[in-house]
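Since the structure comes first, as structure tokens, the remarks are kept for the end.
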Amino acid sequence: MGDPKVTGLRSAEFQVPELKLATKFYEENWGLEVAAADRDTVYLRGTGTAHHSLILREGGEKKLLAVNLAADNKTAVDGLYEKARGLGASVEAPEELGGPAGGYGFVFHDLHGRDYRISSDITEHAKKPAAKDRPVKISHVVLNSPDREAQSSQFIDLLGFKLSDRTGYMDFIRCSSDHHAIAYTTIDSPTLNHVAFEMPSHNALMYGAGRMKQTGYPTEWGVGRHGPGNNIFAYFVDPNGYVIEYTAEVQQVDDSYKVGMPEDWERPPELQGDDWGFADGASDRMRAHTK
Ligand SMILES: [Fe+2]
């Protein structure tokens, strides 16, 4: 067996001031479904097999509480914990996890003290067909990091992530065939930038974006196509100020992928980050909420 590694992105965990209202938005507007709930927490799923892709926890204003990552089994969880601890990372000992999806895992703190729960043996749902306008799963999380290169290196060296691309302001790292599960961007405060959910197709992304528009949530950036990852995007701001993205057609990569460097990703600024050249730049509202 090789070095233990993280093998997937499971979910993001948001603190929200009013659980009922936030849940209603993510069900009715965003297209997720409640998988489980307890006193102050709701677990929302897409149409994929993951038990949940988003956790909402009542407690207060916008705050990313955790990013949840997958390892293949308990041996891998223990191996990752020992390796991270041995190399000086701040970690909490593995334990059986409570909650409706069970599992076994430990908490890893990044260079800025953000929490990542790395787990195995989480309950899964039976496979069901994709819907024409609903997310399948979480796709990626983008986090602001004052020292993004040090932060990506920590994940590469300790948790088995691989660098897919580095642009002038963003590092894209992967832990599966998806081009990126996490991206770190250079913004001074170590906060959440946005969370993306995968739509099963470009068509489904358009249906979702249309539903959002019709229910009072206009697209804040997009529809467009990113350079790194080649994914189609449409960004929105939720009622609590979280920036969320529908994405589709995320590039699938393997070890033969040639890592791109900033010079490979220079693009004319008038494209506004959209390879198609169709989207206007991100709205001021969205920019304010990504910090
Ligand atoms: Fe994104």
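The values are calculated or read from the model by the stated rules, or taken from the named source; none is laboratory data. The structure presented is a predicted model; accordingly, all values stated were derived computationally and were not measured. Here the Cβ positions follow ideal geometry from the backbone for every residue, glycine too, while neighbour counts run over all protein chains shown. Heads up: the accessible areas ignore ligands, DNA and RNA and are worked out on the full protein's heavy atoms, side chains in. Shrake-Rupley method; radii C 1.70, N 1.55, O 1.52, S 1.80 Å.
Worth pointing out:
- Within the stretch 151-274: Cβ-based charge dipole about Cα centre, in debye rounded to nearest 20 (Lys, Arg +1; Asp, Glu -1): 300 debye
- The alpha-carbon positions of the stretch 19-89 define a convex hull whose volume is 125 Å³ per residue.
- Look at the dipole of the chain built from charges on Cβ: of 2, 242, 170, the Cα furthest out on the positive end belongs to 242.
- Unit charges on C-beta of K, R, D, E only; dipole of the chain, Debye: 600 debye
- A cut-off of 5 Å between modelled amide H atoms, ignoring neighbours fewer than 5 places along the same chain, links residue 63 with 15.
- Once you reduce the stretch 130-182 and the stretch 31-58 to the center of their Cα atoms, the two points are 22 Å from each other.
- Aspartates and glutamates with Cα under 16 Å of residue 132, excluding same-chain neighbours fewer than 8 positions away: 27, 28, 33, 198, 249
- Two-site label geometry, residue 3 and residue 267: point separation in nm, points 7 Å out along Cα→Cβ: 3.1 nm
- Above-threshold pairs, the threshold being 25 Å between Cα atoms, out of 20/213; 128/213; 62/83: 128/213; 62/83
- Distance between the 7 Å Cα→Cβ label points at residue 186 and residue 283: 2.9 nm.
- The simple Förster model, with R0 at 35 Å and r as the Cβ-Cβ distance, assigns residue 259 and residue 27 a FRET efficiency of 0.35.
- For the chain, the per residue solvent-accessible surface stands at 44 Å², with DNA, RNA and ligands left out and a 1.4 Å probe.
- Fraction of accessible area attributable to carbon and sulfur, the stretch 26-98 (%, probe 1.4 Å): 43 percent
- Basic side chains Lys and Arg get +1 at the Cβ, acidic Asp and Glu get -1 at the Cβ, and with that the dipole of the stretch 8-120 about its Cα centre reaches some 160 debye.
- Estimated FRET transfer efficiency when R0 is 35 angstrom, pair residue 115-residue 215 (beta carbons, to 0.05): 0.65
- Percent of beta bridges antiparallel (DSSP, the stretch 1-142, rounded to nearest 5): 75 percent
- Residue with peak Gaussian network fluctuation, the chain [Cα springs, cutoff 10 Å], from 189, 256, 145: 256
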